[in-house]
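As structure tokens, the structure follows; a few thoughts come after it.
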Amino acid sequence: MKKLRSVKFLSEDATYDEMSSPVGKLTIITSLKGLHAVLWENDRQNTKIEKIINNLSQSKNEPIIVKTKLQLAEYFQGKRTIFDLPLVIEGTDFQIQVWNQLRNIPYSTTITYAEQAAKIGDKNKARAVGAANGVNPISIIIPCHRVIGSNGHLTGFGGGLEKKAFLLQLEKNQARSP
């Protein structure tokens with residue numbers, strides 16, 4: 001078993017592949033259990049993460065990788081607003097609670113970290129919510145990009161603020177189209 005970001009362990013059958021997207025190259029990590037991670041290019045600059053990925057088998061034909069790539073492509077084309085993938089969500093109880101709440105934020109909608117904290121039961125945990133969102137290993141699919149600062153500004157995002165802005169604009173544009 002190998003540790004990756006907030007993913008506790010990757011099983012020996014874990015595989016990865018990469019896909020080009022409008023927000024750069026994404027690295028998809030799966031196992032027979034499901035999707036473990038969708039990582040940004042800058043995640044690959046972390047030597048620990050890169051070492052783990054380099055020890056995985058690359059597979060373009062693993063069924064969950066294929067399904068993830070298809071659904072992400074549909075999302076970027078504006079044809080998908082909800083993902084239907086088997087997710088392997090590992091983290092602390094608090095992180096899992098935060099990430100599960102993220103999955104309830106509707107497409108093209110934003111909330112603040114304070115609103116997200118209130119939705120999980122403690123409006124005073126906005127910073128802790130932000131920290132949990134920051135280590136969300138399944139970017140885009142668990143939509144932490146839909147959480148913004150209380151002042152309405154974009155803050156903190158694993159892929160970078162320009163990518164967060166792109167994803168929010170993509171969703172806003174698609175929500176407006178007939």
Exercise for the section: From (1) within 26 Å of Ser11 (Cβ to Cβ); (2) touching a helix residue (DSSP H, G or I) at 6+ places or on another chain (Cβ under 8 Å); (3) of a type in the set (D, E, K, R), pick out the condition that doesn't hold for Asp93. Expected result: (2)
Practice task
Select the helices (runs of 4 or more DSSP H) contained entirely in the range 94-178, then report the ones holding at least 2 residues which are free of Cβ contacts under 8 Å to residues at least 24 places away in the same chain, touching a Phe, Trp or Tyr at 6+ places or on another chain (Cβ under 7 Å) and buried (at least 21 other Cβ atoms within 10 Å of the Cβ).
Solution key: none
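The numbers here are math on the coordinates, done by the rules we state, and not lab data. Everything numeric here is computed off the predicted structure, so don't read it as measured data. In this analysis, Cβ positions are derived from the backbone assuming ideal geometry, glycine residues included, and neighbour counts consider all displayed protein chains.
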